[in-house]
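So the structure is just underneath, and the comments pick up after that.
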Amino acid sequence: MVYLPLILKRIFSALITLLIVSALIYGFLEMLPGDVATRMLGRTATPETLANLREQLGLNEPALKRYFLWLFNIFQGDFGTALTSKRPITEILAPKIFNTLILSGCAFILYLPLSFITALLQAYYKNKNIDISLSIITLIILSLPDFIIGTIMIIVFVVVFPIFPAISLVGEYSDFSEWFMALVMPSITLALVMSVYAVRMLRDNLIEVLDSEYIFMAKLKGLSKSTVLIKHALPNAIIPTLNITALNLGFLIGGVVIVEKIFTFPGFGNLLIDSIKFRDLPLVEATILIAASFYIFANLLTDILSIIFNPKLRKQ
Amino acid sequence: MIYKFQDLWKRSNITFKVGFIILFIHILIAITGPFWAPYHYAAINVGEPLTGMSWKYPFGVDALGRDIFSRVIHGSWMVISLSILGTSIGLLVGAFTGLFSAYAGGWIDETIQRINEGFISIPFLILGLLIILAAGPDLSGEPLLMSLAVAIVYAPRISRIARSAALEVITKDFVIAARLRGESAISIIRREILPNTYGTLLVEFSVRAGFAPILIGSFGYLGFGIRPPFPEWGSIINDNRMLVYMSPITVIGPAVALSSLVVSLNLFTEGLARLLRTAKREL
């Protein structure tokens with residue numbers, strides 16, 4: 001385990017980042033001019049209602065103290081209570097996160113083969129018609145905002161060919177087929193948005209690897225083009241793709257917000273939009289913190305994986 | 001300048017040309033559109049509400065009887081100028097902090113990078129929404145707030161790129177010579193480091209500018225964009241979301257406007273980057 005110190009260092013830095021993120025979120029929402037109470041009540045506020053609300057929320061304490069109290073409670077698994085529904089935030093968040101994890105999981109399962117097969121095809125037929133047309137298609141999809149891709153999906157699969165439901169409402173009462181019907185369109189949309197980036201990256205990596213000497217050697221040995229590509233080139237192009245996948249998770253989380261709104265999927269993204277709309281600050285803070293920690297954790301995981309898989313890093 | 005442009009055009013590739021032409025049309029529409037658009041963007045009952053495509057109303061009429069084609073045309077200049085403004089502020093702040101961070105080194109560098117990392121760890125759309133929420137109810141819906149959100153989303157990402165571009169330059173002899181001459185930090189950053197990162201920053205600017213309309217459109221689509229009735233494209237799509245079953249054109253119209261702008265910016269950038277690479281090779 002030569003690489004253990006490297007991994008420990010990476011974990012430590014991830015924790016620091018998480019701390020900074022929590023301070024950023026809290027700072028943005030609580031320390032900017034106009035406190036939570038004025039922002040919650042908006043233009044209808046009177047001095048009395050403001051004073052009452054401040055008392056209720058404990059806003060008369062200094063900001064730094066409230067931040068550390070908030071952080072301390074989170075460490076104990078307590079995100080506080082939502083302002084709008086007066087229910088514990090963990091209770092509200094848990095089922096939504098579960099739904100979103102299922103959605104992102106499906107998107108991820110589609111994303112992997114979609115990006116790998118497309119990139120392999122492009123590298124195999126480099127600069128031929130297939131490669132060029134796939135390049136143009138990926139560039140166009142790349143330029144389409146997720147809400148437009150989702151809307152196109154609705155136009156095609158709901159309006160023109162009524163195959164799927166326009167609204168993906170699922171819950172504990174839903175059976176497998178309802179889940180399936182609800183998940184198809186949102187997860188295809190998410191997978192498309194994510195894979196275009198990976199395809200472009202992986203194609204370039206594969207082509208670069210194909211230029212190297214050991215590939216030349218493998219070709220000289222008389223191996224077929226597809227064996228060279230899959231057995232020799234692909235494994236070496238995986239690490240950069242792993243990194244782009246981690247970056248893609250940022251898109252996935254951002255995309256989830258939009259895609260859930262398009263298809264009215266009852267997940268974490270719609271919860272975030274609603275909590276922002278109703279200015280339910282404790283709920284917003286908890287949701288964003290969880291989104292960020294998911295992103296940080298995923299990046300940590302890919303970094304650790306690339307440390308373990310990369311022999312060059314291991315020796316140093 | 002004109003001579004230089006002709007020269008550039010001759011050496012440029014097809015990607016650059018196509019991107020440039022579509023972008024030029026967009027800018028032309030943005031500048032002249034408000035003068036020839038058939039109706040005012042907020043004019044209601046100019047046509048039969050909820051009617052589809054026709055010669056008089058190419059993109060249909062929305063629920064309030066507004067001509068969607070006029071709305072899309074009127075929205076153009078705002079989308080383009082807010083995107084460019086936001087990206088420019090982001091580039092300025094990002095380039096400055098990035099170059100300074102690289103030059104200063106030590107704990108200043110470490111601190112700036114940590115804060116950047118913190119910002120980057122909040123997914124960009126969510127960070128944008130966080131800023132819009134933090135601005136409070138009085139400022140929400142303000143066009144400039146969209147630019148500010150774009151700038152805050154971009155600055156840390158650009159800062160990181162600028163820093164690594166500067167780190168490559170900083171060990172070069174001419175920077176060390178300038179340091180030995182006793183020049184001030186600002187002067188070294190401005191005269192020695194910055195000119196050598198122009199290429200990176202230029203590409204970075206156009207990549208980000210290409211994504212800014214998507215970001216601003218997403219705010220609008222989620223209902224946190226410029227306050228109505230201003231016709232920002234994302235919010236037009238959001239307004240007509242339910243009309244898609246009757247007349248898809250009401251959504252396709254603004255969608256095509258937004259995506260063709262982004263496609264042109266992306267093509268332009270890719271062409272530009274390739275041009276810069278060949279220019280570098282020639283030097």
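Numbers below:
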item: Solvent-accessible area buried by pairing B with A, both sides, nearest 100 square angstrom, 1.4 angstrom probe; result: 4100 Å²
item: Computed magnitude of the charge dipole of segment A:93-315 (debye, nearest 20; Cβ of K, R +1, Cβ of D, E -1); result: 900 debye
item: Chain B, relative contact order in percent, only Cα pairs under 8 angstrom and at least six apart counted; result: 27 percent
item: Chain A: DSSP helices with Cα axial extent of at least 24 Å and average Kyte-Doolittle hydropathy no lower than -1.0; result: A:4-30, A:89-124, A:176-210, A:234-262, A:281-309
item: Averaged over A:132-144, number of beta-carbon atoms from partner chains that fall within 10 Å; result: 3
item: Cα gyration tensor category, rounded, prolate or oblate, for the protein assembly as shown with a/c compared to 1.5; result: rounded
item: Cβ neighbours within 10 Å from other chains - mean over A:292-299; result: 3
item: Cβ-defined net charge surrounding B:ALA212, 13 Å radius [Lys, Arg +1; Asp, Glu -1]; result: 0
item: Geometric extent, Cα atoms of segment A:93-315 - Rg, Dmax (angstrom); result: 19.9, 66
item: FRET efficiency estimate (nearest 0.05) - Cβ-Cβ, A:ILE239 to B:VAL256, R0 35 angstrom; result: 0.35
item: Ranked by how many other beta carbons lie within 10 Å on average, peptides A:186-196, A:56-66, B:185-195, A:14-24 from highest; result: A:186-196, A:14-24, B:185-195, A:56-66
item: Potential extension, A:TYR67-A:SER135 segment - 0.36 nm per residue separation minus Cα distance; result: 19.7 nm
item: Chain A: relative contact order as a whole-number percent, Cα under 8 Å and 6+ apart; result: 27 percent
item: Degrees, to the nearest 10: B:249-282 long Cα axis against longest axis of chain B; result: 20 degrees
item: Out-of-range pairs (alpha-carbon distance over 20 Å; input A:LYS96/A:LYS261; A:LYS128/A:LYS231; A:LYS86/A:LYS277); result: A:LYS128/A:LYS231
item: Residue among B:VAL244, B:VAL79, B:VAL93 with the largest mean-square fluctuation in a Gaussian network model of chain B, springs linking Cα atoms under 10 Å; result: B:VAL244
item: Per-residue mean of C-beta atoms belonging to partner chains within 10 Å, peptide A:260-267; result: 1
item: Hits among aspartates and glutamates - C-alpha to C-alpha of A:LYS221 under 14 Å, sequence gap 8 or more where chains match; result: A:GLU213
item: Rounded tilt (10° steps) of B:194-221 against the dominant C-alpha axis of chain B; result: 30 degrees
item: Peptides ranked, highest mean first, by Cβ atoms within 10 Å: ranges B:11-23, A:254-266; result: A:254-266, B:11-23
item: Positive-end residue, the protein assembly as shown charge dipole about Cα centroid, Cβ charges, pick of A:THR189, A:LEU229, A:VAL159; result: A:LEU229
item: Residues whose placed amide H lies under 5 Å from that of B:ALA63, excluding near-sequence neighbours; result: B:LEU50
item: Over the protein assembly as shown: helical MRE at 222 nm, DSSP H runs n ≥ 4 each giving -39500 (n - 2.57), nearest 500; result: -25000 deg cm²/dmol
item: Only Lys, Arg (+1) and Asp, Glu (-1) charged, at Cβ; chain B dipole about Cα centre in debye; result: 820 debye
item: Surrounding net charge for B:HIS74, when Lys and Arg each add one and Asp and Glu each subtract one, Cβ distance under 11 Å; result: 0
item: Potential lengthening between A:GLU91 and A:GLU48 on full extension [0.36 nm per residue; Cα-Cα distance subtracted]; result: 12.3 nm
item: Local electrostatic count, B:VAL262, Cβ distance below 15 Å [Lys/Arg +1, Asp/Glu -1]; result: -2
item: Order by protection proxy (mean Cβ within 10 Å, highest first), peptides A:295-301, B:85-91; result: B:85-91, A:295-301
item: Chain B: angle of helix B:143-170 to the longest principal axis, Cα-based, in degrees nearest 10; result: 30 degrees
item: Within the protein assembly as shown: Cβ-based charge dipole about Cα centre, in debye rounded to nearest 20 (Lys, Arg +1; Asp, Glu -1); result: 1880 debye
item: Trypsin sites (Lys or Arg not before Pro) within segment A:116-209, DSSP loop, no more than 14 other Cβ atoms inside 10 Å; result: A:LYS126, A:LYS128
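The values are calculated or read from the model by the stated rules, or taken from the named source; none is laboratory data. Because the structure is a prediction, the values reported are computed rather than measured. All Cβ positions, even for glycine, are placed from backbone atoms using ideal geometry, and neighbour counts span all protein chains on display. Protein only, heavy atoms only, side chains kept; ligands, DNA and RNA dropped before computing areas. Shrake-Rupley method; radii C 1.70, N 1.55, O 1.52, S 1.80 Å.
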